[in-house]
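Accompanying notes for the structure given below.
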Amino acid sequence: MTTQFNEKKQDERLHELRAKEEEQLAQILSQKYGVDYSDLTSKAINSDALRLIPEEEARRAEIAAFHKINKQIWVAMRAPERPDALVTLKNLEGLGYSIRRFMVSLASLEHAWDRYHDISYATETEAGILTLSNETIQEMLGKLKTLEDIKVEIAAHAGSKDTHRISRVLEIVMAGALSLGASDVHLEPEEAGVRMRYRLDGVLVEVLTFDAPTYGLVSSRLKLLAGLKLNIKNAAQDGRFSIVVGGKEIEIRLSVLPGAYAETIVMRILDPSTIALPMEALGFDKYLMEIFNHEIAKPNGLLLNTGPTGSGKTTTLYAFLRQVQNPGIKVVTIEDPIEYHLPGLVQTQVSKDYTFAQGLRSTLRQDPDVIMVGEIRDAEVASTAVQAALTGHLVFSTLHTNDAAGTFPRLIDMGVNVDILGASVTVAMAQRLVRRLCPNCRQSVLIEGENRKTMDLLLANIPHGGNELPENKDTMWIPKGCEKCGGIGYKGRIAVVEVILMDKQIEECVRHSSSERDIWAAAKHQKIRRMAQDGAVKVLQGVTSLDELSRVVDLQDEVMLETISA
């Protein structure tokens with residue numbers, strides 16, 4: 001009997017043994033380095049995660065991102081302490097990602113790297129990230145200074161026969177929005193065409209009108225970018241994608257609604273730099289700054305910021321969080337959704353199965369010092385937030401009311417016991433955002449006629465007027481428009497604010513009356529300006545215009561006029 005030696009089978013067996021040994025070695029080393037271990041050879045690789053690290057860089061540093069949930073990514077590494085790999089991780093953290101490291105074998109890395117063949121690093125991808133090169137961005141930002149520039153550039157590409165024209169149009173739309181500082185892009189189909197508008201400093205401004213065929217291609221491309229279903233046109237859909245600009249990731253939230261002529265699309269631009277504002281930049285006067293610094297330094301209490309959607313409530317609360325944050329305390333937020341990722345905070349997002357109430361109850365079991373609840377929407381959240389403030393936690397949240405005095409009757413209406421309001425709520429504030437006048441082109445005019453009457457009324461009994469009012473109270477400023485502000489006359493926004501602090505008089509008033517008139521009368525001794533008065537000071541300082549203030553604040557409100565003239 002002749003024994004035949006199967007060389008091929010022997011090589012396969014040897015390869016299997018070596019692969020097994022390598023996996024075992026990776027497991028052992030993972031314990032040494034104190035990181036997790038994973039075998040990726042049989043796992044699906046998430047392409048959105050993989051494309052965060054360019055292929056050349058990943059192969060050079062022996063690293064691969066293989067899984068991603070929101071801003072948390074799982075990264076496979078051959079050597080967790082390798083300097084070039086650590087540089088890559090630091091760059092990802094700079095984009096706001098939190099990283100979970102895994103020790104893997106070379107076979108696992110090669111399995112992940114093979115997926116690079118399936119994804120494209122062109123200027124657009126089918127889902128997840130729209131990557132604009134720095135050169136493209138610089139070219140666009142250099143060209144697109146005004147709305148007219150954007151119109152001309154889009155018109156030039158929308159009518160071309162280039163196969164990449166839709167991608168180019170989208171690049172111009174998004175680069176134009178970033179250049180002008182738009183917070184939203186609205187695409188609204190009508191009978192004659194599709195209107196595109198930017199929301200600039202809170203006001204919608206028309207840019208141009210698309211033809212229906214071009215819009216059909218644009219909407220399909222946006223759906224692909226956001227991972228939405230192309231064949232669904234009679235139901236609402238929500239998605240997201242990102243733009244990477246100069247190493248900074250800007251998230252775009254996409255909302256699609258069915259309409260009479262075609263689907264309406266709104267893109268919300270979440271630029272992290274727009275919310276990274278210190279308290280000093282929010283528009284608080286010196287007296288308010290002292291109040292807020294004192295109140296947020298307390299170990300417990302409930303601070304409520306009120307106002308309509310888009311009035312800057314969350315930006316203000318983030319500024320408070322950054323002010324109180326330090327390594328010695330635990331800060332937890334419950335948001336819907338998480339709009340901006342802040343390092344050093346534990347941020348959670350509500351969902352269908354994880355409500356504000358459930359999140360707040362769970363958060364209290366995490367031993368937090370400071371809690372931010374995105375919004376108090378119902379009786380359960382209101383009650384839990386009040387109880388948290390009573391049990392040694394500092395709680396920040398928002399509420400929908402017209403003014404600061406409306407906070408207390410709103411909470412009572414939600415079922416909060418009036419007897420514990422005084423011990424839990426420390427600050428009730430309300431705010432609106434007014435557009436800042438462009439400092440390069442604003443014009444001064446005399447205050448005359450009805451404007452004079454309005455300003456005299458607002459300034460007559462204004463608290464702390466001598467500290468910040470200019471000597472000249474006869475002139476104010478109006479917008480003109482120049483290249484620096486895109487021809488609009490305004491650039492940026494600032495808050496106008498009013499505050500009521502909980503004290504003995506307010507507590508007694510709330511116990512016996514839910515009338516806003518009575519609450520404002522009880523707060524008179526606190527000598528804090530009403531929102532309209534805060535705005536009037538900013539009008540005289542040339543920060544905003546009287547027309548802009550009257551657009552945002554009701555200067556003829558009876559309760560307001562009654563309390564400031566008393």
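The values are calculated or read from the model by the stated rules, or taken from the named source; none is laboratory data. Note that this is a predicted model, so its numbers are computed, not measured. When we count neighbours, we look across all protein chains shown, and the Cβ atoms used for this are built from the backbone with ideal geometry, even at glycine. Please note that ligands, DNA and RNA were not included when accessible areas were found on the heavy atoms of the full protein model with its side chains. Shrake-Rupley method; radii C 1.70, N 1.55, O 1.52, S 1.80 Å.
Summed over region 282-318, residues that are surrounded by 18 or more Cβ atoms within 10 Å (Cβ to Cβ) and assigned to a loop (DSSP other than H, G, I, E, B) total 7. Entry remark, region 164-199: residues being in a strand (DSSP E or B) and out of contact with any Gly (no Cβ under 7 Å at 6 or more places or on another chain) number 13 in total. Screening Phe356, Phe396 for residues that are at pLDDT below 95 and either open to solvent by less than 40 Å² (accessible area, probe 1.4 Å) or farther than 26 Å from Met560 by Cα (or both) leaves exactly one candidate, Phe356. Contact annotation: residue pairs with Cβ atoms under 8 Å, 6 or more positions apart or on different chains, pairing a residue in region 319-344 that is on the phi > 0 side of the Ramachandran plot and open to solvent by 40 Å² or more (accessible area, probe 1.4 Å) with a partner that is modelled with pLDDT of 90 or more and outside any loop (DSSP other than H, G, I, E, B), are Gly344/Val331. Restricting the search to helices (runs of 4 or more DSSP H) fully inside region 499-566 and requiring at least 1 residues that are over 13 Å from Ala428 (Cβ atoms) and at pLDDT 90 or above gives 504-512, 516-522, 531-540, 546-552.
Among the residues of region 146-200, which ones are over 20 Å from Gly310 (Cβ atoms) and under 21 Å from the mean Cα position of the chain (by Cα)? Within region 146-200, Val173, Met174, Ala175, Gly176, Ser179 qualify. So in region 52-74, with the set limited to residues that are assigned to a helix (DSSP H, G or I) and open to solvent by 40 Å² or more (accessible area, probe 1.4 Å), which one is farthest from Arg240 (Cα to Cα)? In this case the residue turns out to be Arg60. When we screen Pro278, Pro299 for residues that are modelled with pLDDT under 90 and not charged (D, E, K, R), the only hit is Pro278. Tally up the residues in region 186-203 that are open to solvent by less than 40 Å² (accessible area, probe 1.4 Å) and farther than 20 Å from Lys233 by Cα, please. Of the residues in that region, 5 qualify.
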